[in-house]
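*Asks:* Structure provided below as structure tokens; questions to follow.
The values are calculated or read from the model by the stated rules, or taken from the named source; none is laboratory data. Keep in mind it's a predicted model, so treat the numbers as computed, not measured. So basically every Cβ, Gly included, is an ideal-geometry build from the backbone, and we count neighbours across all protein chains shown.
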Amino acid sequence: MVKDVLSATLEYGLAPMSWTDYLYLSVGGTLSNAGISGQTFNHGPQISNVYELDVVTGKGELVTCSEDRNSELFHAVLGGLGQFGIITRARIALEPAPHRVRWIRVLYSNFATFCKDQEYLISMHGKPGNERFDYVEGFVIVDEGLINNWRSSFFSASNPVKITSLKADGDVLYCLEITKNYNQGNADSVDEEIQSLLKKLDFIPTSVFTTDLPYLDFLDRVHKAELKLRSKGLWDVPHPWLNLFVPKSRIADFDKGVFKGILGNKTSGPILIYPMNKNKWDQRSSVVTPEEDVFYLVAFLRSALDTETLEYLSNENRQIVRFCHDSEIKVKQYLPHYTTHQEWMDHFGDKWTQFSARKMKFDPRQILATGQQIFQFDPSNPLTLTNYI
Ligand SMILES: Cc1cc2nc3c(=O)[nH]c(=O)nc-3n(C[C@H](O)[C@H](O)[C@H](O)COP(=O)(O)OP(=O)(O)OC[C@H]3O[C@@H](n4cnc5c(N)ncnc54)[C@H](O)[C@@H]3O)c2cc1C
């Protein structure tokens, strides 16, 4: 589990560089997708921070692979949805763990300004630490309530936020979420650095909310919310999630059509939105992203407490995907879910030929991750797969 990796590395004062928002996930499962969070703009997804893997392929062979050794398998399994082999060991990049985190949220009522600032912040990737934030995320505020804010305990009794005072009925607000890591060594200068970075942004001036906490508590923030939801029986419920990578050039159309259109005034869960730099994603991996230098993750992380809501939200997800298709917004699903072969081929696009050829090579009998219905195996003809290439 990712959380165990963190506990083990912290004993040496070290920590992985790229994260997911939630830590109770397996290493193999996240590396089979990508592993993204607010550090991705700077360090790339988790799959860009792997040095070496041990993989048991669909042929039953245990193979050690890396960029230089069995590199095709290495790139195939990263973002490979478990289709080529089972990851049994990963050697990943670490860095000295910061001690504390200054965690800041600021609000916007104007979507264009919100995006301008987010894109500016992620353009600072690779700059020295004092010239950029360490984490850039954001979310859309359509309505309020526990279920909508479960991703964090930020707005709490000790940090009260009257969002209604900033928001006219029916309006959509956008919250930029940023952090700055620091140690005892630079604790004196962190406020000054933050102020100088915040000066470059155009958020609603009265809407700065700051909290300060140990690094571990920040990384493990979603777990706190999980415990709260569990205690109310609101965690183990169906989650009709939809995660989309939206190209930067069409994010304003997406806002108009989805956040201010399809969603209405009820979201049933948090909606994350933050941009990433494509050059931090290794194009040799199996994961697919839009054809633009910058693209946004838009994550509808919704919960359905009854079957009626489940049906309603699932329909709404389909409506969102259809809207993107009809408006020619070339989104890619993250954590993709499809039920037909054609949809999978469309999802992989130019990468389909390579993806299916790699399947033939590493799992020719198609015994791995069959539930995703990417490939259909005909036992009477083990070479059926070639039909799809
Ligand atoms: C509460 C919650 C929060 C999340 N937050 C984030 C987030 O912030 N960022 C993010 O990027 N993702 C996030 N995810 C998604 C998460 O990355 C995926 O669901 C991932 O698959 C989880 O890993 P798992 O251990 O649950 O995998 P499983 O659900 O068990 O498996 C998912 C896929 O990975 C494959 N797989 C699993 N283990 C291995 C292995 N060892 N080797 C090869 N393939 C394997 C399976 O075949 C399957 O295809 C979140 C998920 C949840 C439930």
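*Asks:* Considering the stretch 1-32 alone, what residues qualify as being touching a residue at least 24 places away in the same chain (Cβ under 8 Å), out of contact with any helix residue (DSSP H, G or I) (no Cβ under 8 Å at 6 or more places or on another chain) and assigned to a loop (DSSP other than H, G, I, E, B)?
*Replies:* Gly13
*Asks:* All but one of (1) farther than 22 Å from Ser37 by Cα; (2) surrounded by fewer than 17 Cβ atoms within 10 Å (Cβ to Cβ) hold for Asp293; which doesn't?
*Replies:* Among (1) farther than 22 Å from Ser37 by Cα; (2) surrounded by fewer than 17 Cβ atoms within 10 Å (Cβ to Cβ), the lone unmet condition for Asp293 is (1).
*Asks:* Out of the stretch 51-73, which residues are within 13 Å of the ligand (Cβ to nearest atom) and either in contact (Cβ under 8 Å) with a residue 60 or more places away in the chain or closer than 20 Å to Lys278 by Cα (or both)?
*Replies:* Of everything in the stretch 51-73, those that are within 13 Å of the ligand (Cβ to nearest atom) and either in contact (Cβ under 8 Å) with a residue 60 or more places away in the chain or closer than 20 Å to Lys278 by Cα (or both) turn out to be Thr57, Gly58, Leu73.
*Asks:* Of everything in the stretch 315-372, what is under 23 Å from the mean Cα position of the chain (by Cα), of a type in the set (Ser, Thr, Tyr) and assigned to a loop (DSSP other than H, G, I, E, B)? Give them in sequence order.
*Replies:* Tyr338, Thr339
*Asks:* Here's a follow-up. Just give me the residues in the stretch 31-79 being among the polar types (S, T, N, Q) and closer than 20 Å to Pro16 by Cα, in sequence order.
*Replies:* If the condition is that a residue be among the polar types (S, T, N, Q) and closer than 20 Å to Pro16 by Cα, then Ser32, Asn33, Ser37, Gln39, Thr40, Asn42, Gln46, Ser48, Asn49, Ser66 are the ones that fit.
*Asks:* Scan the stretch 281-297 and give yes if some residue there is in a loop (DSSP other than H, G, I, E, B), basic (Lys, Arg) and in the same structural domain as Gly233 (by TED's automatic domain parsing), otherwise no.
*Replies:* Yes, the conditions are met somewhere in the stretch 281-297.
*Asks:* Search the stretch 292-323 for residues being of a type in the set (A, V, I, L, M) and in contact with a strand residue (DSSP E or B) (Cβ under 9 Å, 6 or more places away or on another chain), and hand back the single one that is farthest from Leu263 (Cα to Cα).
*Replies:* So, considering only residues that are of a type in the set (A, V, I, L, M) and in contact with a strand residue (DSSP E or B) (Cβ under 9 Å, 6 or more places away or on another chain), the one farthest from Leu263 (Cα to Cα) is Val294.
*Asks:* Could you tell me which of the residues Ser327, Ser286, Ser314, Ser268 is within 16 Å of the ligand (Cβ to nearest atom) and either over 27 Å from Gly60 (Cβ atoms) or among the β-branched types (Val, Ile, Thr) (or both)?
*Replies:* On the way: Ser327 fails: within 16 Å of the ligand (Cβ to nearest atom); Ser286 fails: either over 27 Å from Gly60 (Cβ atoms) or among the β-branched types (Val, Ile, Thr) (or both); Ser314 fails: within 16 Å of the ligand (Cβ to nearest atom).
Just one listed residue meets the conditions, Ser268.
*Asks:* Can you tell me which of Leu201, Leu229, Leu216 is outside any loop (DSSP other than H, G, I, E, B), farther than 25 Å from Arg318 by Cβ and modelled with pLDDT of 95 or more? Give the derivation first.
*Replies:* Values: Leu201 fails: outside any loop (DSSP other than H, G, I, E, B); Leu229 fails: modelled with pLDDT of 95 or more.
The conditions single out Leu216.
*Asks:* While we're looking at this one, here's another question. Which of the residues that make up the stretch 80-89 are surrounded by fewer than 23 Cβ atoms within 10 Å (Cβ to Cβ), under 22 Å from the mean Cα position of the chain (by Cα) and not hydrophobic (A, V, I, L, M, F, W, C)?
*Replies:* Scanning the stretch 80-89 gives a single hit, Gly82.
*Asks:* Can you pull out the residues in the stretch 214-236 that are surrounded by 15 or more Cβ atoms within 10 Å (Cβ to Cβ) and either touching a Gly at 6+ places or on another chain (Cβ under 9 Å) or of a type in the set (A, V, I, L, M, F, W, C) (or both)?
*Replies:* Within the stretch 214-236, Leu216, Phe218, Leu219, Val222, Ala225, Leu229, Leu234, Trp235 meet the criteria.
So that you can scan it fast, the table gives a plain yes or no per residue for (1) in the same structural domain as Val298 (by TED's automatic domain parsing); (2) touching a helix residue (DSSP H, G or I) at 6+ places or on another chain (Cβ under 6 Å); (3) closer than 30 Å to Pro364 by Cα; (4) surrounded by 23 or more Cβ atoms within 10 Å (Cβ to Cβ):
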position: Asp68; (1), (2), (3), (4): no, no, yes, no
position: Ser71; (1), (2), (3), (4): no, no, yes, no
position: Ala76; (1), (2), (3), (4): no, yes, yes, yes
position: Ile92; (1), (2), (3), (4): no, yes, yes, no
position: Phe114; (1), (2), (3), (4): yes, no, no, yes
position: Tyr120; (1), (2), (3), (4): yes, no, no, no
position: Arg132; (1), (2), (3), (4): yes, no, no, no
position: Val136; (1), (2), (3), (4): yes, yes, no, yes
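*Asks:* Further question on the same structure: Of the numbered conditions (1) in contact with a Ser or Thr (Cβ under 9 Å, 6 or more places away or on another chain); (2) under 19 Å from Lys351 (Cβ atoms); (3) within 12 Å of the ligand (Cβ to nearest atom), Ser48 fails exactly one; give the number of that condition.
*Replies:* Ser48 satisfies all of (1) in contact with a Ser or Thr (Cβ under 9 Å, 6 or more places away or on another chain); (2) under 19 Å from Lys351 (Cβ atoms); (3) within 12 Å of the ligand (Cβ to nearest atom) except (3).
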